[in-house]
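The values are calculated or read from the model by the stated rules, or taken from the named source; none is laboratory data. Note that the coordinates shown come from a computational prediction; the quantities given were computed from them, not determined experimentally. Quick reminder, even Gly has a Cβ in these numbers, built from the backbone with ideal geometry, and neighbours come from all protein chains shown.
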Amino acid sequence: MNDFFNEFKKVSKSDWENKIISDLKGKDPSIIAIDNEIEELKLSSYYHAEDVSKNETPGNFPFTRGMNGQKNQWQNGAFIRITDEKDANKKALLALNSGADLLIFKPEKENIDWKCVFDKIQFEFIHAQFVIESKAEFDAIYNIMDTYENTVQYNIDLVDQFSEKHFNEIANNFKTKQQRFCSVNGFKVQGLGANTWQEIAFCLNTGHNYLTRLMELGFTVDEASACISFKLGVGSNYFFETSKFRAMRQLWAKVINAYKPKHNCSHNCDITAVVGHLNKSLKDPYTNLLRQTTEAMSAIIGGTDAIVVKPYDIYSTNGSSELSERMALNISNILKEESYFDAVIDPLGGSYSIESSTVEIAAKAWGKFQELEQLEAGVKSEVFINEIKVKAALRIKGIQDKSIVLIGINTFENPEEVTNEWTSIYTYLGLPSLVSEQVLIP
């Protein structure tokens, strides 16, 4: 077989730079540099093989390129809000028939009849996650789902005021058989307006707190790591978001490695990517579909374990429509079954620009993580919260003055009148979630 690369003369980085300077015809080369104020990243618009020294392979430490050695497989999730048991069951069954293989249940009422919610759902063939906000809620679900330990996880968030005493009691259930029940909710931090490396630093600090807490309760590092999962939000900057997922895996493996685990799989960073609401529009549904697709693509290429595309109108006064729910599931189905995104592991690995942005984001995230470790309150500290406020303010300013262009929101708005409004979504760390469309309301 011929080596075609030998037929072409190698071009050095200096050759590229000389050509670029020549083509700019006297203009300052800095005009083509990437300087992102929100991310605080200064990157080149061109990279060369000379910029990348490492040669990592999938399945090997530090797992920037993931732990999978065969396929880039992920779960397609549907988010089920439980306000009525029969309706929730109907939506869950419809989602499964529409291609979902992961259900995430969020209770939004008390004294739920879980048997009604679970009617005819064959949990032995799918994965499930449960958002847990009380021990009573956990006990009710755990008593039913105990036999499905390999496919069920419980999303308990200590940052969100979950009782520490009840957390310790729940942890006792998983000393013998580990399941993921410690949930690190980076998605919510991203929804406040945080940038990529702030979100990662939050995840590392919170995940490390879970790790040490479980080890104090008698878990080994291998057992503790098997109990922790991460939720990451997905923003609109396609390449930064891909780099974020890669950097997150790399840094979490670094944290775990410091405790000298016995098993290689303990380095695994279990990530569920959530495509949320931050840059979505109730007035321009079709542009949302494009945004959701590219965001899902960046998370999948980055190597997420599961993805949940929330219907764009899920937090509206009209509620999510059947069409928006179906389209949210179809995105993942098409990317897997028609575009074959599952066939290639880390397809952007080796890209000089992606490798460089991964290094830059990881360096900033690790530095912020180390700062948070020195603060007594960590991610709940006033310092960190104020830093997120700064980034949120920059996003709001950019949307209002149109330096951040969002088609259908602040540019080329849909002229048709839409009778649908945003409801309150959530607060986290004492801050309200950010919705781009809302900041334009006088």
Inset, instruction - Considering only residues that are in contact (Cβ under 8 Å) with a residue 60 or more places away in the chain and either touching a Ser or Thr at 6+ places or on another chain (Cβ under 9 Å) or not acidic (Asp, Glu) (or both), look in the stretch 368-383 and name the one that is surrounded by the fewest Cβ atoms within 10 Å (Cβ to Cβ). - result: Lys380
Legend entry - Within the stretch 100-114, considering residues that are modelled with pLDDT under 95 and out of contact with any Lys or Arg (no Cβ under 9 Å at 6 or more places or on another chain), the one farthest from Ile425 (Cα to Cα): Asn111
Inset, instruction - Only residues that are in a loop (DSSP other than H, G, I, E, B) and either touching a residue at least 40 places away in the same chain (Cβ under 8 Å) or under 30 Å from Ala194 (Cβ atoms) (or both): list them for the stretch 12-52, please. - result: Ala33, Glu37, Ile38, Glu39, Glu40, Ser44, Ser45, Tyr46, Tyr47, His48, Val52
Legend entry - The one condition in (1) surrounded by fewer than 11 Cβ atoms within 10 Å (Cβ to Cβ); (2) of a type outside the set (Asp, Glu); (3) under 30 Å from Ile399 (Cβ atoms) that Gln70 fails to fulfil: (3)
Inset, instruction - Go through the stretch 131-171 and count every residue that is under 23 Å from Thr427 (Cβ atoms) and touching a Leu at 6+ places or on another chain (Cβ under 8 Å). - result: 3
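Considering only the stretch 85-122, state which residues are among the hydrophobic types (A, V, I, L, M, F, W, C) and within 24 Å of the chain's Cα centre (by Cα).
Of everything in the stretch 85-122, those that are among the hydrophobic types (A, V, I, L, M, F, W, C) and within 24 Å of the chain's Cα centre (by Cα) turn out to be Ala92, Ala95, Leu96, Ala100, Leu102, Leu103, Ile104, Phe105.
Please tell me if Asp346 is under 29 Å from Leu41 (Cβ atoms), of a type in the set (D, E, K, R) and either out of contact with any strand residue (DSSP E or B) (no Cβ under 7 Å at 6 or more places or on another chain) or not in a loop (DSSP other than H, G, I, E, B) (or both).
Here the answer is yes, as Asp346 does meet what is asked.
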Inset, instruction - With respect to Val234, determine if the residue is β-branched (Val, Ile, Thr), under 30 Å from Arg213 (Cα atoms) and under 12 Å from the mean Cα position of the chain (by Cα). - result: yes
Inset, instruction - Kindly indicate which of Tyr340, Tyr286 is in a helix (DSSP H, G or I), of a type in the set (Phe, Trp, Tyr) and more than 19 Å from the chain's Cα centre (by Cα). - result: Tyr286
